[in-house]
Structures are given as structure tokens and as C-alpha cells.
Amino acid sequence: MITPAFELTQDPDFLTIIIKVPYARASEFDIYFEGEDFKFYAKPYFLRLTLPGRIVEDGREKASYNTDKGIRTFTVQLPKEIPGQYFEGLDMLTSLLAPKKSRSAKPLVEEIGASAELSEEEEEFDWEIEQAPYKESLEGTLAQQYHYGFGNLRSGVFQRLQDELSDVIDIKDPDQTPVDERRRKRLAAEDAKFEPDHYLADFFEDEAIQHVLKYKPWWVDAHRKMIVLQGESRWEQDTHTLVVFSEEEREQLRKFTNKSYLLDKRSRHHVYFGLIDILLAYCYEICVNEGDKNVESPWNVRKLSATLCWLEFTSIHDVLVSFGRRVLCYPLYRHFGLVTRALNDTVMILQLGKAAVLKCLLDIHKIFMENDPAYILNDLFITDYCIWIQKSKSKKLAALSESLQKTTLSKSHLGFELEELEAAAVLVQEEESMLQAAGTVSKQQLPPSELETSDSEESSSTSSSETEGSDSDEQESSTSEDGKINPSQGTLQEERTAPLIDCNGLRQGTNTLPVEVSDEKSKVSLQSTSLPGKLIEELEKQMDTAIRLSEQAEGLATAGCIVQEQEENRVSEPDRFSTDTTGKGNFLEVSSKTNPLLFLCSTNEGED
């Protein structure tokens, strides 16, 4: 028989059941209901439900068959035995498929003296577990197998899955590893994985993190609506409007096999703590990816949950510390603000009730189902959580959210000395900023005396070139400064009226130039200190050209004669050597006579 797709709704007086039967014949169907039982049969479909409230047959019941949307559906409307009663858990489809049985979870065989009542019907639930120091026993250590999974009900699973073990969990050989040893190994692995540089980078450069923290998942709006409904005293009646399951999620629920779990008090604590741990990891994943799924989603959820990755169960505070440490060790974004955000989101989900928790678990189940080999975690944990949460008590989740909200978590609890690390990094950053600021001020706000010193240092670098060019441009400098020629330099000026610089940039007439320079040394030195900047640059270029061309002209035996002919004919043919600047004319050979420029340079150096 095929279990059809179905959904239930209610109003104050009626319970409505909608059943989709695309391959059934409308003329052949049977409906039976009484009290909490409802049965429907239309070949090849069969549906049996155990309702959360009682219905009655009083003549107001009715059924209809509809094919308007291309899908054959039966709609059955049944009156409530108590008008106005609210039926809780109509969206928990897996629990509704269970046959009516005793709610007792007593085992068929139990040890004499053991607690006879293992159900969750107690009014108060103490979240503190009695803990005793771990004592390692040598007897039977080799043969003993340790349990894990949902409620610690599984063992020996990973002995059959050694190939997939390393890709799913971090612990090696969990069947032979006790819980305390798992904890020690987990803490050691987290300490080795923590990277201060990565943490500080996300701490100071947190633009991307602040962006993802602004994302609001679906439960934020649902929680806000819940607060409004609680203020209007309509929380129980309209709670089904806050969390809506998609058709795909309903199909997931119908595929689950309903079953009961034999859990003692300690195992139930482990189940609730594991639920918090898994929801924390899921909330982080939703936040950093802004609701989108990617190939890293299965890795994020299982890596951040010690329950899934190390098969470890502890207290509420230990769960928060473990999650905070793993957030700062493994994922891409390692920021304490993401830990706080995931904690607040988990509290909101628990306050919304088991429907919100179930919706999150179904999404995790889908994430793991689409990833190989993460599907193993569905078999160990998530599938059982999806079935179990449908039967859990809403007051237990409310008490759990309240206890979680009261639990504090700070950076000092994580054991990485984060506050000291941040303080040291801030000090270093402040020192660097002060040094940079001081360097900028020293460059921009120098005293006038230092500026003059800097200018004199810059001018001294060109003093040699100014001195060397003082002989050739003595008259130009004096003319530019005084507007006339100094009378005492008449003879020198007359001799320099003819062009005395050849194509190589070197001055001719070396027989008389040294004498003239020595005679007028004092005058030249006084006037050359104020040469214009353009003249200095031209002299530097001429010297550079002269040096290069003199090197090229080495070995030319006739250069000296040519130079003498050029000196004799310079006045009558002033433009002759203008064509030599192209490189086609004759070049000056290094003469054995004293170079006046070198003479001036050495003279100035000696004076300095």
C-alpha cells in the first residue's frame, strides 16, 4: 500500500484533512474515524493517523473530491468533540502516522532495581547532570565498545565504515575511544589548529563579517510575529502560521519511519545538548552564506559541531565553549561576533517551538543527504532527531531555550587568550600609527632653518657643475644680474665674443684660458654662485656629451690638427661646427694640453 501525501488544518470547530490521490478511483474509497483514530482507503492508497485530539461523528462531517488543479484530492472535514480545542502538532506528520500505542517507554526486559519509569512525563526537568571523575578500568578494555549517535544508541558503525571514517569525523576509532579521551583529543586538536594571525585579521578587517551579520533568516521574522501574538494572547491558536513546511519538507516527513526511543535521563540530556550543538553549527552556516547552500555547507555544519565531529556530549556551557572554539579554528570567517549571533539564533529557534526546530533539522538532513559520505551522519543523528522532535514536549524546548539564554559565554572561556591577544595587537597598531603620523608631520612641518639647510644641501650637490661653468657663462650671469658687462672683464669678454665651444661641448683656446681664469678668479667665483637653473642644466648636458664623445674619439690621430684649424677659422665660419652636432663631423681628441674644465673642477675642490 502507498501512503498518500496529506496535510491537516483546523479551525475552532473542525479538523480538515486534505489527501492527494492522483491514481485512485473516486468511486472506490472508504473513510473511518472515531476518537483519535482516522483511516482512509482508496486503492492503492492507505492512510492511518493518530490525531492529537478527539473528533466526533455528529452529522456535520463531510467529504469532497476535487480535480480542478489537475491533482485528485479528497478533502475530509471532521467536527471536534470539544469545540474551540486547539490540536497541537498537526504539522508533525511522522508522529501522526504512528499507530495508537502505549506512551510508556518501559523496556521489555529490565534490571531489577532499575528505574521503572523512563518517560518524559515529569513536570520539571533538571539540566544539570551529575558528573563523576573518569576512572579508566583495565578489565575488559580491549573487548569493550563505546557508544555514540543519537542517545548513545549506536556502536560498531565505524568498524564497518573505515574508508569513510576520516571524511566524516575527526576522531579515530570511536568504537574503542571513551568519551573523556575524545574530549582530551578534541581540545588538543583545537589548540593546535588555532591561528592567531587569522583571528586578528578577521578581528581588524571585519567588513565582510559585518555584512553577513546583517542577514536575517526566516526565523527572525517568525520570532517577531510570535512576540506580537503572545502580546495578543493568540500564541497557541496562530502558531501554525509562523512555521510553514514546503511540499518537499512534507515529503521528507512522510518518508521517515516512525519509531520510539528508549532513553534514560542521562541519554535525554545528551540528546538535548546535541540538539543545541547541531543548531548552533547550522545557524552559523546559514548566517555566513546568507541562506544559500554550497559545497562547503556539509563541511561547515559537521566541523563546527563536536557532537557530529567528535561524538561528544557535555553540558550546555561546554557545548557553547566547544562551538566557540571551533568557530575560531576551522571555518573561513573566525570572529566572536558570529558565535554570539549563532547563539541568539538558536535561542529564537527553540522559542518558536518544535516546528521551527524540525524545519531546521529537515534542512540539515537534506544538506547531508546530498553529500557523500556525510549521509552517514543522517543515519547516526539527524534522522532520529527529525522523528524524535515531533514527539517532544514543547515545554521542554521552552525550558531548554531559557537555560541557554541564561548561560553566558565570553572570550575568556574559550582558552585562547583572545583578550590579551587583541590588546597586544591594538598596542602595536597604535604605535605604528603614531610613527607614521610623526613621519608625516616631520616632512610637512619642518622649521625654516631646516628648510634652508635642506636647500643648501641640494645646491651643494650642483656646486661643482656651477663652478665649472662659471668661466664660460661669467658674462651671461653678470649681465642677467646687473643688466650690463663689468668693465674690468673687457679683455675677457672680447676674447669670448667668438664661439669657443665646439661640437663636443669643450671650450677652445686652452693656451690663454687658464691665465684668464687665474687672473679673474675672484670675480668669477663671486658671480658664478648665482647662475640660473637653466644654464646649470645646459652645462651639465654639455659636460655629459663631451665625456661620451671624447671616449669615442680616442685613437684619432688627426683630431688635434682639425681642432687647430677650427680655432683659426671659428670667427669667419661660426656655423661650420653646428653640423657636427649630428655626429657626422670630426670629433675632438683628448688633447695632451690641460683641460680647463678639469682645471677649474680641481681648483674649486681644492678651495672647498
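The values are calculated or read from the model by the stated rules, or taken from the named source; none is laboratory data. All values reported here derive from a predicted model rather than from experimental measurement. Quick reminder, even Gly has a Cβ in these numbers, built from the backbone with ideal geometry, and neighbours come from all protein chains shown. Only protein heavy atoms, including side chains, enter the accessible area calculation; ligands, DNA and RNA are left aside. Shrake-Rupley method; radii C 1.70, N 1.55, O 1.52, S 1.80 Å.
Before moving on, here are some points about what is shown:
- Descending Cα extents along the principal axes, the stretch 5-96, whole Å: 35, 29, 22
- Debye, to nearest 20: dipole size of the stretch 162-418, +1 on Lys, Arg Cβ, -1 on Asp, Glu Cβ: 1220 debye
- With DNA, RNA and ligands ignored, accessible area of His317 (1.4 Å probe; Å², nearest 10): 70 Å²
- With a 1.4 Å probe rolled over the protein heavy atoms of all chains, the accessible area of Ile82, Ile278, Ile18 falls in the order Ile82, Ile18, Ile278, largest first.
- The equivalent ellipsoid that matches the C-alpha gyration tensor of the stretch 162-418 spans semi-axes of 28, 23, 18 angstrom, in descending order.
- Counting every pair of alpha carbons in the stretch 321-363, the share spaced more than 17 Å apart comes to 43 percent.
- On the stretch 5-96, 48 percent of the accessible area sits on carbon and sulfur atoms, based on a 1.4 Å probe.
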